[in-house]
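Reviewing the structure listed below.
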Amino acid sequence: MSVTRRVLLESGAAFTLAGAAFAQPAGSASFAPARDTALAAARDMLKSNDVPAISFALFNREGVIFAEAVGQIDKAAGKPATPQTLFCIGSCSKVLAAAATLILVDRGKVELDAPFVRYVPEFRMQSPAFSDITVRMLLSHSSGLPGADYRGVFTQRWDGDYSRRVLRTQAGARLKHRPGDMSVYCNDGFTLLEPLIENVSGVPFIAFVEHELFAPLGMTSSRFANRAFEPDAYAPGYLKNRKQPLECVNPAASGGAYTTPAEMARFLALFLNGGRFGERPILSPHAITLMIENQTLRETLRPVPTQDGFGLGWDSVRNAAFSGLGMTALRKNGGTSVY
């Protein structure tokens, strides 16, 4: 697909984001009915789903059209959620991790179809075919890794050793299918991108994302839970009306980012603007094209035909309802124990 064609970015229900962002585009007043409809739907969702807060935004290639939040981040004090309130986006973090990897591809430091073990030589498994796993397979859920190591995924204190522990655990595991045969959603594949990015760049994964994505895109509030939050900066979980501590999602690349929808819009606008943010190139047009290609078509077996197909980081890169209108729909869902 040409990156100049119209692209629709569709998020899952757990992609609850908000915030202040780049300049409001011209003609945004014409979206007032859409804003009112979205606000009404969000308020209905608060009641029907018994959740404390919801945040959302609408944007186009020019900027954010509107960003809103409903509900409360402190029920006892009656403190409302605002467009600046941070939410954890769970597995939507995978698109950030994919973009971080493609930055290294753009720089010639990583090859998508090279063996993962080239960049992380300490990687081992019980199945000899582990050496056939490529970087692309990790990004498209076709590696054959067992799935997800849930030990210590959600904690109240950051565990900076999680990704390296997953790497060590693989040494005792076996593949569930030959690499590249099929795609089955796999959190650990994205967790293993953390040691890859650290080994290649010499910078820890979180610091790399902060320097290469958050900073140049002006995502000044976006972050991970590897350091303390200000008390009212984020939307906490509630259990029977009791405010819960901050949730640390330790597989950072697979699900640990906190952000707002208007800040995330700065990142997602790269897919509308050929990898550029304003005049600044963040990703090459080729990298954007790679990320939104249907990777499922590369599978050897493809036992379950998929109409949508995984992209690199994306859950699907095609939707029949939109493709019939000449539009490309990109979708990524995310969820944690709280969000």
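A few points about this structure:
- Selected residue (only one of GLU210, GLU194 is open to solvent by 50 Å² or more (accessible area, probe 1.4 Å) and either part of a helix (DSSP H, G or I) or of a type in the set (S, T, N, Q) (or both)): GLU210
- Of the residues making up segment 46-91, those that are among the hydroxyl-bearing types (Ser, Thr, Tyr) and open to solvent by 30 Å² or more (accessible area, probe 1.4 Å) are SER48, THR82.
- Listed conditions (1) without any contact (Cβ under 8 Å) to a residue 60 or more places away in the chain; (2) assigned to a helix (DSSP H, G or I) are all met by SER91, apart from (1).
- Taken over segment 299-316, the criterion of being assigned to a loop (DSSP other than H, G, I, E, B), in contact with a Lys or Arg (Cβ under 8 Å, 6 or more places away or on another chain), at pLDDT 90 or above and open to solvent by less than 10 Å² (accessible area, probe 1.4 Å) is satisfied by LEU312, GLY313, TRP314.
- Going through (1) farther than 23 Å from GLY255 by Cα; (2) assigned to a helix (DSSP H, G or I); (3) not small (Gly, Ala, Ser) one by one, LEU102 falls short only on (1).
- Segment 222-237, subset under 25 Å from ASN187 (Cβ atoms) and over 16 Å from the mean Cα position of the chain (by Cα), residue surrounded by the most Cβ atoms within 10 Å (Cβ to Cβ): ALA235
- Of ASP132, ASP149, all but one fail to be within 24 Å of GLY108 (Cβ to Cβ) and more than 18 Å from the chain's Cα centre (by Cα); the exception is ASP132.
- Identity of the residue in segment 16-40, under 20 Å from ILE73 (Cβ atoms) and at pLDDT 70 or above, that ends up least open to solvent (accessible area, probe 1.4 Å): LEU39
- Of residues in segment 282-298 being modelled with pLDDT of 95 or more and surrounded by fewer than 16 Cβ atoms within 10 Å (Cβ to Cβ), the one farthest from VAL184 (Cα to Cα): PRO285
- Among the candidates ARG157, ARG164, ARG118, residue that is on the phi < 0 side of the Ramachandran plot, without any contact (Cβ under 8 Å) to a residue 24 or more places away in the chain and of a type in the set (Lys, Arg): ARG118
- Count of residues meeting criterion [open to solvent by 10 Å² or more (accessible area, probe 1.4 Å) and not polar (S, T, N, Q)] in segment 127-146: 7
- Of all the criteria given as (1) farther than 29 Å from LYS176 by Cα; (2) small (Gly, Ala, Ser); (3) open to solvent by 20 Å² or more (accessible area, probe 1.4 Å), the one not satisfied by GLY335 is (1).
- Lone qualifier among LYS240, LYS176 - being over 21 Å from ALA257 (Cβ atoms), out of contact with any Gly (no Cβ under 7 Å at 6 or more places or on another chain) and surrounded by fewer than 19 Cβ atoms within 10 Å (Cβ to Cβ): LYS240
The values are calculated or read from the model by the stated rules, or taken from the named source; none is laboratory data. What you see is a predicted model, and the numbers here were worked out from it, not measured in a lab. Counting neighbours? That spans all protein chains shown, and the Cβs are built from the backbone with ideal geometry, glycine included. Ligands, DNA and RNA are stripped out before the accessible areas are found, and what is left, the full protein with its side chains, is counted by its heavy atoms. Shrake-Rupley method; radii C 1.70, N 1.55, O 1.52, S 1.80 Å.
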